[in-house]
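Each remark here refers to the structure printed beneath this line.
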Amino acid sequence: MSCAFSKLVNCSWMSLYIPKLDATCVLTAKAIRHEDVLHIKQAYCSMESCIAACFRLLPSCNIIKYSPYAKVCNLYYENATDHISPPFDQIGQSLHLLLHSCHEDISNIPVGIIVQSEYPRNNSATIHTPSTHKNCHFYGLPFVENFYAQRIQLIATSSLKLCIAFCEAPTYTSCNSVLFSAQEGTCLLLSRARDSTLFGGIAPTLQSSALFFIIFTCYNDFHFPRAYSIPRFGEIAPTVYSIFNLTVSLYRVHFYATKAGIRIGLWET
């Protein structure tokens, strides 16, 4: 991995947001002399998961060897940590890293330049959450470390629909935005001022797998959008199945439940 690709300040350290920890971790380049280190374990995972695994083993783990191409993670422990390695692009395909520290508040990170920016509202979409019977309109935004928001809860899920449904659930009345990572299977519920457009971040932080979503509005799925009409079944070509000597015709239409429909139950399958 070259210095330019890594977007590092001086090619000897970097910072990376770890969704499973909800923290930004600082790592420095570190030469590994195998005769001086204790190998803990090997795993195949993302770099974020590799760092999270080492952090959870502290103080028994402080060195990471990671191959971005093969996604191989090796964890080590070394008693002495004074051997700083050359820049990342001089140590082959694997990154040799010393886990320096992890911080939830980016203002406490000892390296880097904190920058502020505003976000555009031109990346919007609508998603249906069956578990809450809602249609939600939201904005998708690039990752930043500081959302100027209050953290509510970190939830394990790899489904964006479930992540937004958790935020819209009555339990979390103040939730209006989420930080979601399908790769890491995490959903961070956040409460953010509606009129705020500022974000903050650290210049050298690598791009995270986490994405930030601001929920603009949600409405019950039995409320029809404007200009929507229920199509006649005669106008739709059915899909026909034969089950237990019975012929079943299924008509595919856009889902908008009506008040005339009676909800029986919700199944996960």
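Between Asp105 and Thr173, what is the FRET efficiency for a Förster distance of 30 Å, r being their Cβ-Cβ separation, to the nearest 0.05? Let's see the in-between values first.
Numbers: r = 25 Å, r/R0 = 0.83.
Taking R0 as 30 Å, the efficiency between Asp105 and Thr173 is 0.75.
Please sort 49-58, 165-174 by packing, taking for each peptide the average over its residues of neighbouring beta carbons within 10 angstrom, highest first. Provide the component values of the computation, followed by the final result.
On the way: 49-58: 19.2, 165-174: 16.3.
Packing order, densest peptide first, comes out as 49-58, 165-174.
Suppose each label sits 7 Å from its Cα in the direction of the beta carbon; what would the Leu250-Ser191 distance come out to in nanometres?
Inter-label distance under the simple model: 4.2 nm.
No lab work stands behind these numbers, since they all come straight from the coordinates. Since we're looking at a predicted model, the values are computed, not measured. A quick note on method: Cβ atoms are made from the backbone with ideal geometry, for glycine too, and the neighbour counts reach across all protein chains shown.
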